[in-house]
């Protein structure tokens with residue numbers, strides 16, 4: 001049974017109008033990139049907003065992308081960096097969050113604040129120092145360098161969100177586990193983690209997207225051909241004097257795909273994660 | 001089968017002491033109920049026995065072995081929680097079997113134990129279900145099943161019935177009692193509900209502000225409450241209290257209202273002139289003709305319960321809490337026709353007076 005407020009027609013029209021206009025606004029650039037990636041260079045500039053038709057349709061951009069440079073290699077690099085970072089952030093973030101929410105120890109609050117500090121201070125401020133460290137450790141031009149930096153970048157938010165969720169897991173449940181003789185690790189992996197899965201998905205999405213899209217650290221720490229990520233690879237086609245727009249747009253369109261797949265995997269959990277606090 | 005012994009057990013959180021030394025010896029197979037208002041420390045005591053809270057002073061022994069520094073599992077106890085604390089992502093069978101599996105018991109034996117417990121608790125047809133597909137009562141049974149399959153030295157219950165509705169609570173109360181009787185397992189049961197406490201317990205521990213005010217059988221606690229707190233906490237409606245003074249000659253007590261109450265039959269250890277508080281249970285008052293009445297009640301509200309009629313009102317003369325007119329309640333037979341606004345002459349039943357010291361609030365012993 002719908003309540004009076006939600007069934008009123010003007011209200012629902014207004015709500016839909018706002019939501020639809022926001023969706024259009026958010027999707028417009030993405031759609032524009034995808035459409036134009038299927039057009040000839042002339043068509044892109046003559047009428048950037050029109051759909052590709054029989055005359056303007058062209059796969060030249062995709063051909064260039066696949067022929068020039070090692071795009072599958074770039075994809076592989078991006079995927080390795082993103083997935084490995086994701087696993088590390090989720091594992092260590094959840095462990096730290098569990099410790100903060102579960103155990104009473106001296107300096108618990110301070111430790112929590114210290115670990116959350118990274119949310120407010122951008123890691124890019126430390127780029128020079130990070131580069132020096134990586135040079136010193138001999139990790140320049142390796143994927144390891146990127147994974148380490150991104151893990152550090154992702155942990156604060158992960159710990160912050162997960163520790164809030166872990167606090168909501170019933171103490172009695174954990175105590176029941178202790179009385180059943182479960183070790184703290186078993187309690188963490190078998191009881192608590194399954195219950196905060198929606199929160200884990202939320203963290204996964206928020207961690208994954210900035211890493212996939214990042215240009216800064218790949219450019220500085222791992223610009224070599226064999227460690228290039230997709231976003232860095234696409235820069236090949238942007239020159240100082242000539243930019244191959246077909247190729248750039250095609251590369252970007254391709255780059256959307258894997259992250260879209262990952263997002264769909266997490267999204268069902270994500271919705272539950274966002275609403276789980278509000279709706280009981 | 002085993003005994004539990006607490007010797008001057010204390011607990012502090014930081015500098016605040018919340019349990020001020022509890023001593024109790026629980027005999028083998030005994031059902032002990034710890035009862036008290038919320039925040040009195042009853043759950044803390046239970047959690048210390050379970051090993052979920054550290055003990056900051058004194059000793060806890062199970063079966064004669066000091067367990068202060070043992071992990072919960074090593075104490076061989078099982079606990080039933082208020083919100084059931086079932087593993088939400090496991091089936092009923094796995095919920096009961098998980099502890100045994102962790103302990104490395106052979107699969108065949110686990111299955112047998114779970115089947116036996118499920119049969120005892122009428123859970124056989126639900127073994128494959130998840131906890132969220134069960135009703136509150138069934139979940140509570142699963143929680144008890146999880147405790148039973150471990151065949152522990154002792155059961156610890158932490159307000160297990162608080163989340164159930166009234167009718168189910170009565171039914172589960174009986175089931176718990178029967179189960180404990182048939183298994184003969186030593187049990188510690190925490191509740192704030194005095195009806196649960198009275199009906200389940202072999203012995204009661206009445207706690208207040210971190211102190212065990214009285215440890216005794218339910219009937220003895222009811223008939224000889226050790227302090228004003230215990231007297232007021234056990235019994236519903238709670239006991240009426242009036243300030244009084246022992247008259248010279250010690251055969252009567254004079255009340256603030258000017259009335260005198262006969263103290264005949266009470267051999268008073270206290271000297272005459274001593275200021276005391278008398279306690280009278282609402283059920284120990286009867287209607288009387290005005291000339292034979294001990295007290296006159298000004299009725300403010302009448303609650304007809306069918307079998308009983310509860311009458312609430314006030315008595316002339318200051319109450320123990322400093323109010324101008326002492327509030328007072330009486331439990332009369334259901335057929336008593338009483339209207340609000342009337343005055344009611346009441347007689348105190350013979351031998352129903354409780355005497356307490358006004359300073360220490362402790363019971364004045366009858367000799």
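Figure legend. Inter-residue proximity from region B:334-346: first residues under 12 Å from residue B:285 (Cβ atoms), second residues part of a loop (DSSP other than H, G, I, E, B), beta-carbon distance below 7 Å, spacing 6+ or different chains. Indicated pairs: B:344/B:338; B:345/B:288; B:345/B:289; B:345/B:293; B:346/B:288; B:346/B:293; B:346/B:294. Examine region A:97-105 for a residue that is within 14 Å of chain B (Cβ to nearest Cβ), assigned to a helix (DSSP H, G or I) and in contact (Cβ under 8 Å) with a residue 24 or more places away in the chain, and state whether such a residue exists. Yes, region A:97-105 contains a residue that is within 14 Å of chain B (Cβ to nearest Cβ), assigned to a helix (DSSP H, G or I) and in contact (Cβ under 8 Å) with a residue 24 or more places away in the chain.
The single condition from (1) within 28 Å of residue A:161 (Cβ to Cβ); (2) not assigned by TED's automatic domain parsing to the domain that holds residue A:143 that residue A:49 fails is (1). Looking at region B:39-122, the helices (runs of 4 or more DSSP H) lying wholly inside it that each contain 2 or more residues that are more than 14 Å from every other protein chain (Cβ to nearest Cβ), in contact with a strand residue (DSSP E or B) (Cβ under 9 Å, 6 or more places away or on another chain) and closer than 23 Å to residue B:161 by Cα sit at B:42-50. Is it true that some residue in region A:158-173 is more than 17 Å from the chain's Cα centre (by Cα), farther than 28 Å from residue A:264 by Cα and exposed (fewer than 15 other Cβ atoms within 10 Å of the Cβ)? Yes: one or more hits.
Any residue at all in region A:175-187 that's in contact (Cβ under 8 Å) with a residue 60 or more places away in the chain and either crowded, with 21+ Cβ neighbours inside 10 Å or within 14 Å of chain B (Cβ to nearest Cβ) (or both)? Spell out the reasoning first.
Looking only at region A:175-187, we keep the residues that are in contact (Cβ under 8 Å) with a residue 60 or more places away in the chain, and these are none.
No.
When residue B:55 is tested against (1) more than 19 Å from residue B:187 (Cα to Cα); (2) over 23 Å from the mean Cα position of the chain (by Cα); (3) surrounded by fewer than 17 Cβ atoms within 10 Å (Cβ to Cβ), exactly one condition is not met: (3). Answer yes or no: is there a residue in region A:141-156 that is away from chain B (no Cβ under 14 Å) and assigned to a loop (DSSP other than H, G, I, E, B). Yes: region A:141-156 contains one or more residues that are away from chain B (no Cβ under 14 Å) and assigned to a loop (DSSP other than H, G, I, E, B).
Being in contact (Cβ under 8 Å) with a residue 24 or more places away in the chain, in contact with a helix residue (DSSP H, G or I) (Cβ under 8 Å, 6 or more places away or on another chain), surrounded by 21 or more Cβ atoms within 10 Å (Cβ to Cβ) and part of a helix (DSSP H, G or I): is that true of residue B:168 here? Even if it seems obvious, please write down each step before you answer.
Details: in contact (Cβ under 8 Å) with a residue 24 or more places away in the chain: yes; in contact with a helix residue (DSSP H, G or I) (Cβ under 8 Å, 6 or more places away or on another chain): yes; surrounded by 21 or more Cβ atoms within 10 Å (Cβ to Cβ): no; part of a helix (DSSP H, G or I): yes.
No.
Within the set B:191, B:199, the sole residue that is within 13 Å of the chain's Cα centre (by Cα), surrounded by fewer than 18 Cβ atoms within 10 Å (Cβ to Cβ), in the same structural domain as residue B:34 (by TED's automatic domain parsing) and in contact (Cβ under 8 Å) with a residue 24 or more places away in the chain turns out to be B:199.
The values are calculated or read from the model by the stated rules, or taken from the named source; none is laboratory data. The model shown is predicted, which means the values in this text are computed figures rather than measured ones. Counting neighbours? That spans all protein chains shown, and the Cβs are built from the backbone with ideal geometry, glycine included.
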